[in-house]
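So the structure is just underneath, and the comments pick up after that.
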Amino acid sequence: MRSLSYIRAKTVREATEAFAAAGEGACYISGGTTLYDLMKLGVERPHHLIDIASLEGADRIDTGGDVLFFGAGALMADVAEDEVVRRDYPVLAESLSKAASQQLRNMATVGGNLLQRTRCPYFRNGTIGAYPCNKREPGSGCAAIGGLDRTQAVLGVSDACTAVSPGDWPVALTAMDARIQLQGPTGERTIPIAEFYLLPGKTPHFEFAIMPGEIVTGISVPKTEAGRRSTYLKVRDRESYAFALASAAVALAMDGDHVRRAHIALGGVATRPWRAREAESLLNGRAIDAEIALAAGRAAFADARAGKHNAFKIELGARTLADAIMTAGRKMQ
Amino acid sequence: MSDPHDRQFLEITRRQVLEAGTIVAVSGMLPVAAQAQASSSQLAPENGVTVQVRFQINGQPSVLEIDARASLLDMLRERLGLVGAKKGCDHGQCGACTVHIDGRRVASCLTLAAKIDGRDVTTIEGVGSADTLHPMQQAFIDHDALQCGYCTPGQIMAAIACVKEGHASTPEEIREYMSGNICRCGAYVGIVAAIEQAAPQIERG
């Protein structure tokens, strides 16, 4: 790891000014659970760290207004334990409590978690650098394609990259139509989460619609009755503390026995948090049973493209979604 | 493995690994010897950009000039001589380095030491004493909740926090909220039993 400077900013303005003044190699750090890890691996090589974990008021959680608001600096553990979130939006709480370990949830923030980098083993092969990776070294090639690709994506893949988007929280937020607040040197803006994550295409090194110097300052989630009938199902190689092989965020607004509007997103199987619109429209207006749930699961994976060792994710993903739909459907309003 | 070519390949690989290992071992000793001479003049100088941190460590105020890159784990072990927290994976995956910051458990290997300025750090050295063990330490002994002991300081720090968070009400909940601490000896049954025993005592205290 190369030598670097470190300062702690107290306000967003102080942080963005420090970022501009530091020039090349400047990098914001919050919880640091991704960035510091990747610095140790030689994948990230910042010169200047600007700590934004202590920005004034950045950890605000406000569930009392028209939307749920989560300050970007709120800890994953604190949002996971919030009583309103747990009761009225279990999909959000579960996506956090099933992520990482309590130690990391006490460090990582809900804003920083949006920017977590992929766990693709070839991407993380930084210091040794024996394998090419288009995300780490643009244009160098992709060793995962045709390589050890058991954990790679089957949805949203390109010929340049098949790396899985690693998060759980961003998947739940995608299902719930969250909006991301950003603040940078030129002011504030808010964008739908659907526009925040980029497909790899030919440029897998561009992952997020965030400009240099911008900071994620908050996340808002529109309130909806579908929150109560929601769940996050995560299937892993072990029961806890592992990344998803397949996961599904499901929330259902119901009219009696019939689905009025389904919210569905998938994790562990795609190159970005994956909104499953085909599955949603298949459920809308229908009563839920095992058959329609599995049909929705299969619809979500209709365009899936497997590599050498990850074809199992297509069946696993479809059944994970089907199970999550059944679980959400059984919940009382 | 039944293919003779595979076996040959494996043997060659093993020999190469052993040779490589010898080189690493030798080269690994050289800098240590050089450092030992250099460190005769008190504190080892940090060789990067440094920052000053003021913090509480196990109830005692402390001030250190540290390399801005340093992890809290390295600072505890190398600068303060508090070697209870262990370096298992150094990537936040095993929990052996668990300590408390302002009463909350964290992975000290993934915590920049610079971040603890103004904070309160507690390590395994700060809970209990040789004469009066913490109830969680006693419970680990009572239940043989370890074999080699390498993960134990991290397990105990995580376990104390697990109880204080209110996540130790059932064996299932304990297993879920202790999943960030790996024990390769497989003492998990004893660890869960120890936490069940200590939880009511800690909650009362």
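Structural remarks
- Selection within the range B:99-117 - more than 9 Å from chain A (Cβ to nearest Cβ) and open to solvent by 40 Å² or more (accessible area, probe 1.4 Å): B:ASP102, B:GLY103
- The single residue among B:ALA139, B:ALA107, B:ALA70, B:ALA145 that is in contact with a strand residue (DSSP E or B) (Cβ under 9 Å, 6 or more places away or on another chain), under 25 Å from B:TYR177 (Cα atoms) and among the small types (Gly, Ala, Ser) turns out to be B:ALA107.
- Residues in the range A:46-62 that are part of a loop (DSSP other than H, G, I, E, B) and within 21 Å of the chain's Cα centre (by Cα): A:ILE52, A:ALA53, A:ALA58, A:ASP59, A:ARG60.
- Among the residues of the range A:168-186, those identified as part of a strand (DSSP E or B) and open to solvent by less than 30 Å² (accessible area, probe 1.4 Å) are A:ILE180, A:LEU182, A:GLY184.
- Residues within the range A:35-45 that are out of contact with any helix residue (DSSP H, G or I) (no Cβ under 7 Å at 6 or more places or on another chain) and either at the interface with another protein chain (Cβ under 10 Å from one of its Cβ atoms) or outside any loop (DSSP other than H, G, I, E, B) (or both), tallied: 5
- Some residue of the range B:109-129 being over 11 Å from the mean Cα position of the chain (by Cα), more than 29 Å from A:THR109 (Cβ to Cβ) and assigned to a loop (DSSP other than H, G, I, E, B): yes
- Test result for A:ALA20, modelled with pLDDT of 95 or more, open to solvent by less than 20 Å² (accessible area, probe 1.4 Å) and over 21 Å from the mean Cα position of the chain (by Cα): no
- The set of residues from the range A:269-313 being open to solvent by 50 Å² or more (accessible area, probe 1.4 Å) and under 20 Å from the mean Cα position of the chain (by Cα) comprises A:TRP274, A:ARG277.
- When A:THR190, A:THR231 are screened for being at negative phi, among the polar types (S, T, N, Q) and open to solvent by 40 Å² or more (accessible area, probe 1.4 Å), only A:THR190 passes.
- Looking across the range A:99-137 at every residue that is among the basic types (Lys, Arg) and farther than 15 Å from A:ALA80 by Cβ, the one that is farthest from the other protein chains (Cβ to nearest Cβ) is identified as A:LYS135.
- When B:ARG175 is tested against (1) of a type outside the set (A, V, I, L, M, F, W, C); (2) outside the structural domain of B:VAL106 (by TED's automatic domain parsing); (3) farther than 19 Å from B:GLN93 by Cα, just one condition goes unmet, and that condition is (3).
- Extreme residue, surrounded by the most Cβ atoms within 10 Å (Cβ to Cβ), among residues of the range A:88-136 that are of a type in the set (Ser, Thr, Tyr) and touching a residue at least 24 places away in the same chain (Cβ under 8 Å): A:SER95
- Residue match in the range B:126-141 (condition: within 13 Å of another protein chain (Cβ to nearest Cβ), among the aliphatic types (A, V, I, L, M) and over 30 Å from A:TYR6 (Cα atoms)): no
So that you can scan it fast, the table gives a plain yes or no per residue for (1) part of a strand (DSSP E or B); (2) in the same structural domain as A:GLY23 (by TED's automatic domain parsing); (3) buried (at least 23 other Cβ atoms within 10 Å of the Cβ):
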{"site": "A:PRO200", "(1), (2), (3)": "no, no, yes"}
{"site": "A:THR203", "(1), (2), (3)": "no, no, no"}
{"site": "A:PHE206", "(1), (2), (3)": "no, no, no"}
{"site": "A:MET211", "(1), (2), (3)": "no, no, no"}
{"site": "A:ALA251", "(1), (2), (3)": "yes, no, yes"}
{"site": "A:VAL259", "(1), (2), (3)": "yes, no, yes"}
{"site": "A:ALA262", "(1), (2), (3)": "yes, no, yes"}
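- Residues located in the range A:69-88, provided they are assigned to a loop (DSSP other than H, G, I, E, B) and over 17 Å from the mean Cα position of the chain (by Cα): A:ASP82
- Extreme residue, farthest from the other protein chains (Cβ to nearest Cβ), among residues of the range A:235-273 that are out of contact with any helix residue (DSSP H, G or I) (no Cβ under 8 Å at 6 or more places or on another chain) and among the basic types (Lys, Arg): A:ARG260
- For the range B:166-184, the set of residues classified as out of contact with any helix residue (DSSP H, G or I) (no Cβ under 7 Å at 6 or more places or on another chain) and closer than 24 Å to B:LEU110 by Cβ consists of B:GLU176, B:SER179, B:ILE182, B:ARG184, listed by residue number.
- Qualifying residue in the range B:82-98 (condition: away from chain A (no Cβ under 11 Å), of a type outside the set (Asp, Glu), open to solvent by less than 50 Å² (accessible area, probe 1.4 Å) and touching a strand residue (DSSP E or B) at 6+ places or on another chain (Cβ under 8 Å)): yes
- Pick from the range B:47-69, criterion closer than 15 Å to B:THR111 by Cα and part of a loop (DSSP other than H, G, I, E, B), ranking: most open to solvent (accessible area, probe 1.4 Å): B:ARG69
- Among the residues making up the range B:157-191, those that are touching a residue at least 12 places away in the same chain (Cβ under 8 Å), open to solvent by 20 Å² or more (accessible area, probe 1.4 Å) and assigned to a helix (DSSP H, G or I) are B:LYS164, B:PRO171, B:ARG175, B:TYR177, B:TYR188.
The values are calculated or read from the model by the stated rules, or taken from the named source; none is laboratory data. Model, not experiment: these values are computed from the prediction. With ideal geometry, Cβ positions are generated from the backbone for all residues, glycine too; neighbour counts draw on all protein chains shown. Ligands, DNA and RNA are stripped out before the accessible areas are found, and what is left, the full protein with its side chains, is counted by its heavy atoms. Shrake-Rupley method; radii C 1.70, N 1.55, O 1.52, S 1.80 Å.
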